[in-house]
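Input: a single structure, listed below in structure tokens.
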Amino acid sequence: GALLVNERIDREELCGALSPCSLSFEIVVENPLELYSGTVEIQDINDNDPAFPSSQARLEISESVAAGARFPLESAQDPDVGINSLQTYQLSANPNFALDVQTRVDGSKYAELVLEKELDREEQKELNLILTALDGGSPPRSAHVQIHIDVVDANDNAPVFNQSTYKASVRENTPSGTLVARISAYDLDDGPNGDIVYSFSSHTPAKVRELFSLDSATGELRVKGQLDYEESKLYEIYLQAKDKGAVPGVAHCKVLVEVVDVNDNAPEVTVTSVYSPVPEDAAPGTVVALLSVTDLDSHDNGQHILVQVSDVNDNAPKSSQDSYDVYVPENNIPGIPILNVSATDPDLGRNAQLSYTLLQGDHTFGHLFSINRENGTLYLLTSLDHEDQVEFSMMVQVQDGGLPPLATNVSVSVFVTDLNDNAPTVLYPHPNTTATYADVVAPGTPAGHMVTKVVAVDADAGYNAWISYTLLQATDPSLFSVGLHNGEIFTARQLREDDAPEHTLVILLKDHGEPVLSTSATVSISVAEIVKEVLTDLTDVAPASDPRRHMTFYLILAVILVSAAFFITMLSVGIFKCYKWRQSKELYNSSRSTTYRTPGPFNHIDAVRGGFTPPSFYHQVYLTTDSRQSDLLCKKPFTSSPLGSRQGTIRNGEPGLYHQIVGTASRLPAPAE
């Protein structure tokens with residue numbers, strides 16, 4: 001049972017950079033049948049020196065490079081692993097540079113020169129440094145490289161990468177030439193100093209250069225060799241951008257490339273042992289053979305057994321939104337896409353193939369809208385007008401290709417937003433009439449008097465329909481002013497006798513849209529002493545071809561005649577009232593000579609109502625317009641009176657009480673009999 005070394009073991013040849021390095025074996029023991037597994041770990045010894053790719057490195061550094069700038073150096077390679085691998089770098093003493101040792105993701109080391117003191121080409125044109133690489137062995141092994149630095153005049157602007165780290169992922173079976181990433185840098189300089197050349201950094205491992213290629217002009221990183229996930233899962237690639245100036249500026253970045261595993265390894269079945277022949281009386285459960293199955297792939301690709309589940313159309317399409325609101329400016333270009341209805345179906349194959357249909361419903365929008373059946377893009381076929389219709393509502397049906405198909409409806413509302421495409425329209429004074437009607441203002445009218453008003457509308461909406469009024473031209477600009485928002489025309493000062501009798505105002509009307517649209521209105525104003533003069537002026541300026549000029553004249557004449565008739569009627573009524581008043585006053589004065597008795601203790605009118613007055617007795621009451629001078633005249637039966645002629649009008653069948661009232665009165669005290 002002793003395990004012996006059959007030949008010399010070289011760990012670097014067997015495992016390369018993998019650690020730990022192990023060899024596996026299996027031992028079968030029979031009678032009874034048993035299987036044992038074993039592993040031999042190959043330990044590393046420090047039997048390899050670090051090695052640089054070349055014995056000399058040359059750098060060109062501009063004197064304008066600021067302190068703190070970094071310059072990657074070529075890395076040394078050591079095939080040993082663990083503590084015996086490359087551990088650190090050392091730099092010879094100098095006044096300008098320091099050494100910064102960095103660690104990669106895989107644990108390897110690389111060095112960068114760090115400028116601590118700015119260079120001066122006038123003092124020193126070149127520097128010679130020695131870089132030493134040391135491993136961790138005991139004693140340590142080392143390697144040296146001479147670094148020659150040329151100090152040159154500065155290229156003011158170095159290239160700058162858009163980002164310091166790029167990330168990409170590729171499948172391990174990606175063919176050669178496939179684009180992995182595109183790095184990009186810019187240089188503010190002009191001419192050759194601004195032309196950028198991309199390349200691998202000097203410390204990029206040779207293995208990476210074999211697997212990837214870099215276009216020096218475009219910065220495209222492509223697959224060059226055959227990637228293998230089982231060999232390396234991640235590549236850290238260091239790239240640089242250098243301009244073409246006399247002293248090239250350099251920028252550095254790194255690209256992290258993740259290798260994605262694919263199922264490119266078939267399972268391997270190994271028959272470890274076969275128990276043959278099998279006795280006919282072997283009991284159930286007897287081991288017949290030992291098998292082992294391995295797969296170099298990872299995750300699901302390394303599981304051997306796959307069960308496929310067939311799909312059933314049990315999921316209806318689902319839209320990302322139940323409804324969409326789309327805002328489209330009016331006067332749009334026909335044929336433009338305005339919306340993409342997005343929906344998904346978790347089913348597979350034909351059950352997940354979606355089609356989009358525009359349902360017409362009660363309204364026909366087929367001449368206005370159409371939808372792409374395959375991708376759900378809604379198109380507007382014609383130009384819309386906000387003033388014609390503001391909103392359109394429709395339904396989009398999303399249906400899958402299953403049997404039977406499942407569908408989902410999505411509501412879409414299209415709102416037409418307003419543009420300032422309508423100028424203000426003047427309603428008064430009417431702009432299209434051939435007749436000129438002047439507004440009238442009397443001489444001496446004080447300031448602030450409203451003469452007339454410009455009335456206008458704008459078919460647009462919102463802010464586009466706000467109208468402002470400005471006095472553009474005027475016969476006398478100091479005489480009239482116009483309201484900015486209401487169009488009302490006021491006198492700016494009191495009218496004087498020396499003012500012109502006719503005034504023409506040009507009012508500018510502007511909306512508040514973008515761009516601003518405007519129109520103008522012309523207003524004529526006459527200054528007249530009497531209406532007759534105004535009518536004469538209006539008749540003179542009216543065109544002879546207007547058939548309505550006589551009708552207007554007759555209407556105005558009728559108004560004047562009616563007003564005169566009303567004035568005469570009121571004057572006649574006043575004269576008649578005055579005559580009646582004077583007549584009643586004379587009657588009152590004549591009645592003062594008649595003998596009166598002292599007024600009794602009761603109101604005579606109440607006595608009449610109470611039936612105390614004899615039938616043959618009558619009263620004649622005279623009331624003047626002044627109730628304080630009204631009096632009650634009582635007469636005895638058959639007594640002569642100045643009103644005898646009036647007493648004859650009493651009918652025989654009526655009582656002896658006769659009342660004649662002129663004017664108005666309330667309760668009057670009656671004298672005694």
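The values are calculated or read from the model by the stated rules, or taken from the named source; none is laboratory data. Since we're looking at a predicted model, the values are computed, not measured. Heads up, the Cβs are rebuilt from the backbone with ideal geometry, glycines too, and the neighbour counts pull from every protein chain shown. Note: accessible area is taken over every heavy atom of the protein model, side chains too, but ligands, DNA and RNA are not part of it. Shrake-Rupley method; radii C 1.70, N 1.55, O 1.52, S 1.80 Å.
Note on segment 154-184: among residues that are at pLDDT 90 or above, in a loop (DSSP other than H, G, I, E, B) and open to solvent by 40 Å² or more (accessible area, probe 1.4 Å), the one that is farthest from LEU239 (Cα to Cα) is PRO175. For ALA282, the test of being without any contact (Cβ under 8 Å) to a residue 12 or more places away in the chain, part of a loop (DSSP other than H, G, I, E, B) and either assigned by the TED database to the domain that holds TYR36 or more than 47 Å from the chain's Cα centre (by Cα) (or both) is passed. Checked against (1) surrounded by 15 or more Cβ atoms within 10 Å (Cβ to Cβ); (2) under 30 Å from ASP388 (Cα atoms); (3) modelled with pLDDT of 90 or more, ALA316 meets all criteria but (2). Among the residues of segment 112-125, those that are surrounded by 13 or more Cβ atoms within 10 Å (Cβ to Cβ) and of a type outside the set (Val, Ile, Thr) comprise GLU112, LEU113, LEU115, GLU116, GLU118, LEU119, ARG121, GLN124, LYS125. For GLU488, state whether it is acidic (Asp, Glu) and open to solvent by 50 Å² or more (accessible area, probe 1.4 Å). Answer is no for this residue.
As for segment 370-379, it holds at least one residue that is open to solvent by less than 50 Å² (accessible area, probe 1.4 Å) and at positive phi.
Beta carbons closer than 6 Å, at least 6 apart along the sequence or on distinct chains, pair a first residue in segment 468-490 that is over 13 Å from THR522 (Cα atoms) with a second that is assigned to a strand (DSSP E or B) and among the β-branched types (Val, Ile, Thr) for PHE480/ILE489.
Restricting attention to segment 396-418, does a residue exist that is under 37 Å from the mean Cα position of the chain (by Cα), assigned by the TED database to the domain that holds ALA343, open to solvent by 20 Å² or more (accessible area, probe 1.4 Å) and aliphatic (A, V, I, L, M)? Scanning segment 396-418 turns up at least one residue that is under 37 Å from the mean Cα position of the chain (by Cα), assigned by the TED database to the domain that holds ALA343, open to solvent by 20 Å² or more (accessible area, probe 1.4 Å) and aliphatic (A, V, I, L, M).
Which residues, counting only those in segment 8-24, are in a strand (DSSP E or B) and crowded, with 16+ Cβ neighbours inside 10 Å? The one that is in a strand (DSSP E or B) and crowded, with 16+ Cβ neighbours inside 10 Å: CYS21. Residues in segment 55-78 that are surrounded by fewer than 19 Cβ atoms within 10 Å (Cβ to Cβ) and over 60 Å from the mean Cα position of the chain (by Cα): 2 in all. When the test is whether a residue is open to solvent by 30 Å² or more (accessible area, probe 1.4 Å) and more than 30 Å from LYS244 (Cα to Cα), ALA143 does not pass it. Determine whether segment 202-211 contains at least one residue that is among the polar types (S, T, N, Q) and touching a helix residue (DSSP H, G or I) at 6+ places or on another chain (Cβ under 9 Å). No, that holds for no residue. Number of residues in segment 95-111 that are surrounded by fewer than 17 Cβ atoms within 10 Å (Cβ to Cβ) and in contact (Cβ under 8 Å) with a residue 24 or more places away in the chain: the value is 4.
Could you tell me whether segment 188-199 includes any residue that is among the polar types (S, T, N, Q), open to solvent by less than 30 Å² (accessible area, probe 1.4 Å), closer than 30 Å to PRO50 by Cβ and touching a strand residue (DSSP E or B) at 6+ places or on another chain (Cβ under 9 Å)? Write out each step before concluding.
Narrowing segment 188-199 to residues among the polar types (S, T, N, Q): 193, 199.
Then drop every residue that is not open to solvent by less than 30 Å² (accessible area, probe 1.4 Å), which leaves none.
No, the conditions are met nowhere in segment 188-199.
Within segment 227-270, being aliphatic (A, V, I, L, M), open to solvent by less than 30 Å² (accessible area, probe 1.4 Å) and closer than 30 Å to ASN162 by Cα holds for LEU227, ILE237, LEU239, ALA241, VAL247, ALA251, VAL255, VAL257, VAL259.
Say whether the condition of being assigned to a loop (DSSP other than H, G, I, E, B), aliphatic (A, V, I, L, M), assigned by the TED database to the domain that holds ALA217 and within 42 Å of the chain's Cα centre (by Cα) is met by at least one residue in segment 185-203. Quick ask: steps written out before the conclusion?
Quick first cut of segment 185-203, residues assigned to a loop (DSSP other than H, G, I, E, B) only: 187-190, 195, 201-203.
Narrowing the set further to residues that are aliphatic (A, V, I, L, M) leaves 188.
After this cut, where a residue has to be assigned by the TED database to the domain that holds ALA217 as well, the list is 188.
Checking which are within 42 Å of the chain's Cα centre (by Cα) leaves us with 188.
Yes, that holds for at least one residue.
Here the strands (runs of 3 or more DSSP E) wholly within segment 309-416 that include at least 2 residues being among the polar types (S, T, N, Q) and farther than 26 Å from GLY462 by Cα are 354-359, 391-400. Checking segment 484-493 against the condition returns a match, with at least one residue being on the phi > 0 side of the Ramachandran plot and outside any strand (DSSP E or B).
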